Amino acid sequence: MVFRRKGPLRAWRIADNRHPIYDGTGAMVWGARWNSPGHAVIYASASYACAMLERLVHAGIGSIPKDQHAITIDIPAIDIEEVTAADIPGWDLPDMSASRAYGDGWLREKRTAVLVVPSVVARAECNVLIHPAHTDFRRIKHTPPEPVVWDRRLFYRKGDR
């Protein structure tokens, strides 16, 4: 069931330095699970661990992601839209058409500044999408970027120790 709730909510974002960490350029250029190219959106996660998994799923196999930085995002008591996996059939399919259609509609209609969605890589976790063109965007605050420290054990292959 799609519903609205009020913040506060805390989220984490990890990204490299190809684009500013808090402006949605990367998602606008390439598109992602919940938006088509041409729509700026900032992707974050409801936990630091999920944010790490979301970065790792896009990294090369066996390589430590380079130049990764993290921010903590504090969302005040504003309206937040939330959807579950049951709300959008096919949200997790590789073609991303169902999730992109939903996210593009949310962005176009500017229903809320924040959309909470399920994570494909960590099914028990949620991702937090932030709409930089929404009027409540200015109320959302974040910390300065800090380097991410990756535990090398995440990148060992069996027998490499």
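General remarks:
- Residues in the stretch 55-63 include at least one that is under 12 Å from the mean Cα position of the chain (by Cα) and either charged (D, E, K, R) or surrounded by fewer than 16 Cβ atoms within 10 Å (Cβ to Cβ) (or both).
- Output for the stretch 1-17, where each listed residue is at pLDDT 90 or above and not acidic (Asp, Glu): PRO8, LEU9, ARG10, ALA11, TRP12, ARG13, ILE14, ALA15
- Selection count, the stretch 102-118, where residues are assigned to a strand (DSSP E or B) and either of a type outside the set (A, V, I, L, M) or over 16 Å from the mean Cα position of the chain (by Cα) (or both): 1
- Within the stretch 1-15, the only residue that satisfies the criterion of being closer than 15 Å to PRO145 by Cβ and either of a type in the set (Val, Ile, Thr) or surrounded by fewer than 16 Cβ atoms within 10 Å (Cβ to Cβ) (or both) is ILE14.
- Among the residues examined, GLY90 does not qualify as more than 22 Å from TRP12 (Cα to Cα), in a loop (DSSP other than H, G, I, E, B), small (Gly, Ala, Ser) and at pLDDT below 95.
- Selection of the stretch 18-52 for residues being charged (D, E, K, R) and either closer than 14 Å to ILE75 by Cα or modelled with pLDDT under 95 (or both) yields ARG18, ASP23.
- Note on the stretch 123-161: among residues that are at pLDDT below 95 and surrounded by 15 or more Cβ atoms within 10 Å (Cβ to Cβ), the one that is farthest from the chain's Cα centre (by Cα) is PHE155.
- Checking each residue in the stretch 128-161 for being in contact with a Ser or Thr (Cβ under 8 Å, 6 or more places away or on another chain) and under 22 Å from ASP67 (Cβ atoms) picks out HIS142, THR143, PHE155.
- Extreme residue, surrounded by the most Cβ atoms within 10 Å (Cβ to Cβ), among residues of the stretch 16-48 that are in contact (Cβ under 8 Å) with a residue 12 or more places away in the chain and assigned to a helix (DSSP H, G or I): ALA27
- Condition check for THR84: within 17 Å of the chain's Cα centre (by Cα), under 19 Å from GLY24 (Cβ atoms) and among the hydroxyl-bearing types (Ser, Thr, Tyr): no
- Filter pass, SER97 being surrounded by fewer than 16 Cβ atoms within 10 Å (Cβ to Cβ), free of Cβ contacts under 8 Å to residues at least 24 places away in the same chain and of a type in the set (Gly, Ala, Ser): yes
- In the condition set (1) at pLDDT 95 or above; (2) within 24 Å of PRO94 (Cα to Cα), ARG55 is compliant with all but (1).
- Selected residue [among the β-branched types (Val, Ile, Thr) and over 23 Å from LEU154 (Cβ atoms)] from THR72, THR84: THR84
The values are calculated or read from the model by the stated rules, or taken from the named source; none is laboratory data. Predicted, not measured: the structure shown is a model, and the values here were computed from it. So basically every Cβ, Gly included, is an ideal-geometry build from the backbone, and we count neighbours across all protein chains shown.
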